[in-house]
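Engineer: Just passing along the structure, written as structure tokens.
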Amino acid sequence: MSLAYKLQRTCVASYLAAIGLQIYVMGLALFGVTSFMPHALLGYGMIVGALILTVLTVTAKLPRRAQLFAGAVLVLTLLQPVLVLVLRGRAPALAALHPLNALVIFALASVVARTTAKG
């Protein structure tokens, strides 16, 4: 088992856990415990995580399908702040796709995890 593969497995598991944490910190903000700043900051960190996941999936020479899905995770993760910051004022109905996009990101990251699991 290569180092790139081990790092990719750790990265995809961490990315999925970060999505769960995102939901929690969003809930904290919705119920007035904190602001949305922790949610936003973690979201920006997840862009870096999605980039690393994509690079590791390609570097580990994992199946083409996993590479494409990892790339899609990156693109959709980059779209998340655009939905909120750019479209909220201009097209609120499109900005409202932010949580749905998060579900799609989770589904795609789960496919990457399943596709790259050995055994």
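Derivation of every value follows stated rules applied to the coordinates shown; laboratory data play no part. Only a predicted model underlies this, so the values are computations on that prediction, with no experimental measurement involved. Cβ: placed from backbone, ideal geometry, glycine included. Neighbour counts: every protein chain shown.
Engineer: Using per-residue counts of other Cβ atoms within 10 Å, averaged over each peptide, order 3-16, 66-79 from highest down.
Structural biologist: Descending packing order for the listed peptides: 66-79, 3-16.
Engineer: While we're here: How large is the helix-only mean residue ellipticity at 222 nm for the chain, computed as the sum of -39500 (n - 2.57) over DSSP H runs with n ≥ 4, divided by its residue count, in deg cm²/dmol to the nearest 500? Write out the running numbers ahead of the final one.
Structural biologist: Numbers: 6 runs with 96 residues, N = 119.
The helix-only estimate for the chain comes to -26500 deg cm²/dmol at 222 nm.
Engineer: Continuing with this model, one more query. Give me the distance in nm between label points sitting 7 Å out from Cα along the Cα-to-Cβ direction at residue 96 and residue 30, one decimal.
Structural biologist: Those two pseudo-labels are separated by 1.5 nm.
Engineer: Another question, then. Using 0.36 nm times the number of residues separating residue 78 and residue 110, minus their current alpha carbon distance, what extension gain do you get?
Structural biologist: Working: separation 32, 0.36 × 32 = 11.52 nm, distance 1.78 nm.
The span from residue 78 to residue 110 would gain 9.7 nm if fully extended.
Engineer: Give, in whole angstrom and from largest to smallest, the semi-axes √(5λ) of the equivalent ellipsoid of the chain, with λ running over the eigenvalues of the Cα gyration tensor.
Structural biologist: With the √(5λ) rule applied to the chain, the semi-axes are 28, 15, 11 Å.
Engineer: Can you compute the modelled spin-label distance between residue 58 and residue 13, with each label point 7 Å from Cα toward Cβ, in nm?
Structural biologist: Placing both labels 7 Å beyond Cα along the Cβ direction yields 2.5 nm.
Engineer: Now for a separate question. Kirkwood hydrodynamic radius for region 35-87: how many Å is it when counted over pairs of different Cα atoms?
Structural biologist: Value: 11.8 Å, from the Cα pair sum.
Engineer: Helix 64-81 versus the longest principal axis of the chain: what angle, 0 to 90°, nearest 10, using Cα atoms?
Structural biologist: Between the helix axis and the principal axis of the chain, the angle is about 20 degrees.
Engineer: Can you tell me the order of 52-61, 109-118 when each peptide is scored by its average per-residue count of other Cβ atoms within 10 angstrom, highest first?
Structural biologist: Numbers: 52-61: 19.4, 109-118: 17.4.
So the peptides 52-61, 109-118, ranked by packing, come out 52-61, 109-118.
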